[in-house]
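This report concerns only the one structure given below.
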Amino acid sequence: MSSLAASISTRVADAFEAAGLPRELGQVRISDRPDLGQFQCNGAMAAAKIARQKPRAIAEDIVARLKQDDRFADVSIAGPGFINLSVTDTTLAAQANGVAADPRLGVPEKAAPETVVLDYGGPNIAKPMHVGHLRASIIGDSLRRLFAFAGDRTIGDVHMGDWGLPMGMLISELARRQPDLPYFEPGRTGEFPAESPVSMADLEALYPAAAAACKADPARLEAARAATAELQAGHPGFTALWRHFFDVSVAGMKRDFDRLGVQFDLWHGEAIVHPLVGPMVRDLGERGLAEESEGALVVRVARDDDRHEVPPLILTKSDGAVMYGTTDLATIIDRVRTYDPDLILYVVDQRQHLHFEQVFRAARAAGLHGKARLEHIGFGTMNGPDGKPFKTRAGGVMRLEDLLAMATEQAEQRLTEAGLAADYPAEERADIARKVGIAAVKFADLGNHRLSNYIFDLERFTRFEGRTGPYVLYAAVRISSLLRKAGERGMGEGGAGAILPPTDIERTLVLELCRLPDAVAAGYDKRAPNELCDYAYAVAQEFSRFYGACHILSESDDSLRASRLALCRVTRDALVLVLSLLGIAVPERM
Ligand code: ARG
């Protein structure tokens, strides 16, 4: 089915067409002035320019045509020619019953689904995930859910940083510490131990030590570079060692992402496309797209009309080392070959915008992208109270695991304050606290437009009041418990009754519920999960107003009670659906 706004738009478009004007002008949206009408159409302004008439005259003509349609309760003109529209309560009820009967709650499935690769998360091997990776994971996972729900075929790829200089740093650092390991035996090609010589904790200690040594001592940096080059050239011992680093890190990441409720289809990294790099670089050279510059091989991507400088993309440095952009280009080749996607989304920190501009231009110049549209979905930083990217109290990188533990603990406290889940079994209560904590973190992150920075404030994020995850979560849980009670009292199966034409008390809630498809479409089109957060919060607030203003279980009129229970059920389902698109799980009870 289509949304109420969409079907009204069709009706208004008909009126514009009948008046000899373009149909697009009939687009309506939710009114900015609900006191004047439920929907508004601003098309008369643009029509005035085309038809060289006064906007008001055009609006009058359109309104006269719409007044003949008995689905409208009111059509009027405001100001110079804004058209305000309200539908009848019967029309609203018909739409709401359609939503209630639809498993997709009125959200249409895409007519032409696409294949979409989403690149998000992007943690690095041997380094703990930082808050940038947290944002990439949360936003990317939400977009994957949203695209999949819309009907697209989605492929989520974690695209780990597992190649390049950091790997050489780790190898050369370990070679100093444990030179007797078989991986360093010159000329050895045979079997290497199956057991990793390092744990995740070892790796996390090894990396900062190696990085500091390379910074302080050029000889150490040189050794790391040499090890990187040997690894990339296929040195058997280094390759076996790298495999251990990879496996140990991925096991840790899987645990972290699991806790966070973030999923991926592919656990690929940069290294996996290494075999494609050599042939790609040669091909770009042969086609005259890559050229030498101070010993490096580069692709020039600047354009005459650039307003800011776009430096060349470096493919290989003078020592032959492969760069970040090189693996990104090779990854495009790989994705096009394997999935032939229509779209590739890169959910990565906005500070990498230039990098993606370079990569996209190079890919398009060389025609490596097949039919895919390439989009960088940037985001801002999560900051500490000092306004700088969030760190631990000690000034270090906040580990995802610790952050989630903090959120759970804070959520637990909030449950106690609110007297929720008080007498539940300990295990269930712990599970609820975990879900509330994750809802708090994810909703706070997704609730801002992705490009804006925000301050991490668990105290506020975990509150059960205000625009928070726990508030919306609680609204959904509370409705479920109401529906359970109705079921126990034999008042109809969980709100399956017919929705009656709304009265003043119910009207805004019904309108809000009919708006779900528009919120989903806005989130999809703008790649902006905050549209979903705004919607969920608005529904939860509207529900709370409705709940406070009218009788539900205590309503004595059977059909009115059934209608209100049906509204409760649709509200709950809409909240659960939107939360699921945000990657937020709803507990059974609280
Ligand atoms: N590993 C990178 C980082 O930590 C993010 C990777 C993003 N994805 C990409 N295709 N470059 O900054």
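Rg and Dmax of region 427-530, based on Cα coordinates, read 17.2, 50 Å.
Tell me, how many Å apart are the Cα centres for region 144-223 and for region 98-118? Measuring centre to centre over Cα atoms gives 42 Å. Across region 362-422, Cα-Cα pairs more than 18 Å apart make up 65 percent of the total. Exposure proxy ranking for 264, 184, based on other Cβ atoms within 10 angstrom of each Cβ and starting from the fewest, stands as 184, 264. With R₀ fixed at 51 Å, the C-beta to C-beta distance from residue 219 to residue 406 puts the FRET efficiency at about 0.80.
What is region 304-384 by shape, rounded, prolate or oblate, if you read a ≥ b ≥ c off the alpha carbon gyration tensor as root eigenvalues and call it rounded for a/c under 1.5, prolate for a/b larger than b/c, and oblate otherwise?
Values: a/c = 1.41, a/b = 1.11, b/c = 1.27.
Rounded.
Listed by chain and number, the aspartates and glutamates whose C-alpha is less than 15 Å from the C-alpha of residue 371, apart from same-chain residues fewer than 8 away, are 114, 334, 340, 342. Relative to the longest principal axis of the Cα atoms of the chain, the long axis of helix 324-339 makes an angle of roughly 60 degrees. Toward the positive end of the charge dipole of region 502-590, with +1 on the Cβ of Lys and Arg and -1 on the Cβ of Asp and Glu, the farthest Cα among 511, 538, 560 is that of 538. Average 1/r across all pairs of distinct alpha carbons in the chain, invert it, and you get the Kirkwood radius: 27.3 Å. Straight-line reach only, C-alpha to C-alpha below 26 angstrom: list the lysines that residue 127 could link to, leaving out same-chain residues fewer than 8 apart. In chain and number order, the partners are 215, 254, 317, 388, 391, 442. A straight line joining the Cα centroids of region 393-411 and region 430-476 runs 15 Å. Taking the C-alpha atoms only, the angle from helix 236-260 to the longest principal axis of the chain is near 20 degrees. This model, with +1 at the C-beta of Lys and Arg and -1 at the C-beta of Asp and Glu, gives the chain a dipole about its Cα centre of some 940 debye.
Compared with the dominant principal axis of the Cα atoms in the chain, helix 469-488 is inclined by about 50°.
In terms of surrounding Cβ atoms within a 10 Å radius of their Cβ, 489, 176, 65 rank from fewest to most as 489, 176, 65. Select from region 253-344 those GluC sites (Glu not before Pro) which occupy a DSSP coil region and have at most 16 other Cβ atoms within 10 Å, ordered by residue number. Loop-located and lightly packed - 294, 309.
Only helices enter this figure: runs of n ≥ 4 DSSP H residues, each worth -39500 (n - 2.57), summed and divided by the residues of the chain, yield -17500 deg cm²/dmol at 222 nm to the nearest 500. Cross-link partners among lysines for residue 485, C-alpha distance below 29 Å, same-chain residues fewer than 8 apart left out? Output for residue 485: 435.
Put the Cα centre of region 561-582 next to the Cα centre of region 292-359 and the gap is 45 Å. Measuring spread by the Cα atoms of region 16-72 yields a radius of gyration and Dmax of 11.4, 31 Å.
When restricted to Cα atoms, region 2-96 yields an Rg and a Dmax of 12.3, 40 Å, respectively.
Each of 163, 267, 242 has some number of other Cβ atoms within 10 Å of its Cβ, and from fewest to most they run 267, 242, 163. Label positions at residue 247 and residue 580, each projected 7 Å from the Cα along the C-beta direction, are separated by 3.7 nm.
Values quoted throughout were computed directly from the atomic coordinates according to the rules given, and no laboratory measurement underlies them. These numbers come from a predicted model, not from an experiment. A quick note on method: Cβ atoms are made from the backbone with ideal geometry, for glycine too, and the neighbour counts reach across all protein chains shown.
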